[in-house]
Amino acid sequence: MGASGRSNSTQGDAPQALLDAWAHEYRKPLLRYFQKRAPKTVEPDDLVQEVFVRLAKRADLASIEQVQGYLFQTAASVLADRFRRDGRKPVFVESFDDDAHGAADLSPERVYKDRQGLDALVRGLNALPERTRHIFVLYHFEGMRQKDIAAGFDMPISTVEKHMARANRYLADCVGRQR
């Protein structure tokens, strides 16, 4: 065995060391992510493991610049694949309560107006700059904290706050114009 055999061993150890470090740092946040989103029939630990299995298959782990963002994008993909494989879409079930949900308020005019507002919101969200949209989605839809988003994008929290303020203002204007 020459130096090349030793080199291969060393190269194989580096990705494993990265995976171990990331697993140590991100296992609990990934578990919380899956506990919030996965059906009760799916074990969150299995989904976390699938995230790291996918990462282990990637040859260039050291080139990942935004580790947290990449991990949670992979987690979203794992979850989507699980739903696809199970043949169902994510469903968030809330019991219907006539007092709380008020069927009487669902006139055709209101449904139409609310649908227009939702369409305006989606158009506005798609019109945002990519980074601003990504930050908005991570915060509002994925439930990430601003400081975690800042760390994931390697930017000061004040910059995340500015992106959020810009997105909130723009989207409020988009929906407001529709009303």
Please indicate, with yes or no, whether at least one residue in region 140-147 is at pLDDT 85 or above, surrounded by 13 or more Cβ atoms within 10 Å (Cβ to Cβ), more than 26 Å from residue 34 (Cα to Cα) and not charged (D, E, K, R). no
Region 51-67 - residue that is touching a helix residue (DSSP H, G or I) at 6+ places or on another chain (Cβ under 8 Å) and assigned to a helix (DSSP H, G or I) and, of those, surrounded by the fewest Cβ atoms within 10 Å (Cβ to Cβ): 62
Of all residues in region 148-160 being assigned to a helix (DSSP H, G or I), open to solvent by 50 Å² or more (accessible area, probe 1.4 Å) and modelled with pLDDT of 90 or more, which is farthest from residue 71 (Cα to Cα)? 158
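Every residue, every condition in (1) open to solvent by less than 100 Å² (accessible area, probe 1.4 Å); (2) at positive phi; (3) over 20 Å from the mean Cα position of the chain (by Cα); (4) modelled with pLDDT of 75 or more, yes or no:
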site: 24; (1), (2), (3), (4): no, no, no, yes
site: 36; (1), (2), (3), (4): no, no, no, yes
site: 49; (1), (2), (3), (4): no, no, no, yes
site: 69; (1), (2), (3), (4): yes, no, no, yes
site: 92; (1), (2), (3), (4): no, no, no, no
Just checking, does region 161-177 include any residue being open to solvent by less than 60 Å² (accessible area, probe 1.4 Å) and either in a loop (DSSP other than H, G, I, E, B) or of a type in the set (D, E, K, R) (or both)? no
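The values are calculated or read from the model by the stated rules, or taken from the named source; none is laboratory data. Predicted model, so just to flag it, every value in this text is computed and none were measured. In this analysis, Cβ positions are derived from the backbone assuming ideal geometry, glycine residues included, and neighbour counts consider all displayed protein chains. Areas reflect the complete protein model, heavy atoms only, side chains present, ligands, DNA and RNA absent. Shrake-Rupley method; radii C 1.70, N 1.55, O 1.52, S 1.80 Å.
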